[in-house]
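K.L.:
Okay, handing you the structure first.
The values are calculated or read from the model by the stated rules, or taken from the named source; none is laboratory data. Predicted, not measured: the structure shown is a model, and the values here were computed from it. Here the Cβ positions follow ideal geometry from the backbone for every residue, glycine too, while neighbour counts run over all protein chains shown.
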């Protein structure tokens with residue numbers, strides 16, 4: 001992960017509180033970047049799991065269809081397949097809901113990063129203004 005680095009040269013002494021505010025803003029951006037990557041990684045793992053479950057479900061449905069075509073849908077094996085299909089379908093629906101929630105959280109986090117970047121840009125503008133004022137003194 002790439003860390004955000006700042007380097008602002010100002011003639012004179014930079015206010016410690018201004019430097020601290022700038023460091024907090026940069027730290028906040030770095031933290032949000034890591035959280036975004038972690039959330040995306042977990043989301044990708046869940047998406048992979050869903051794809052695997054859907055593949056498994058297709059296999060179960062095909063096997064159940066074979067029992068139906070042979071008139072054996074009432075057999076113990078067919079009934080067990082039907083239960084497995086229902087259970088796996090429920091798991092897939094649950095995981096899809098979790099994945100959607102994860103993507104929504106990532107979107108919100110990304111939006112928060114945009115707001116923090118805007119605040120950092122405003123802070124940088126303030127620092128430059130103060131630097132210009134110091135130079136004029």
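K.L.:
Test residue 79 against the criterion of being loosely packed, with under 12 Cβ neighbours inside 10 Å and either in contact with a helix residue (DSSP H, G or I) (Cβ under 7 Å, 6 or more places away or on another chain) or part of a helix (DSSP H, G or I) (or both), and give yes or no.
P.N.:
On the way: loosely packed, with under 12 Cβ neighbours inside 10 Å: no; either in contact with a helix residue (DSSP H, G or I) (Cβ under 7 Å, 6 or more places away or on another chain) or part of a helix (DSSP H, G or I) (or both): yes.
In short, no.
K.L.:
Quick check on the stretch 84-101. Is at least one of its residues under 30 Å from residue 24 (Cα atoms) and modelled with pLDDT under 90? Break it down stepwise before answering.
P.N.:
Taking the stretch 84-101 as the starting set, the residues that turn out to be under 30 Å from residue 24 (Cα atoms) are 101.
Checking the rest, the ones that are also modelled with pLDDT under 90 come to 101.
Yes, the conditions are met somewhere in the stretch 84-101.
K.L.:
Another question, then. Taking the stated definitions as given, is residue 60 at pLDDT 90 or above and part of a helix (DSSP H, G or I)? If you could, list the steps in order and put the result at the bottom.
P.N.:
Working: at pLDDT 90 or above: yes; part of a helix (DSSP H, G or I): yes.
For residue 60, the condition - at pLDDT 90 or above and part of a helix (DSSP H, G or I) - is met.
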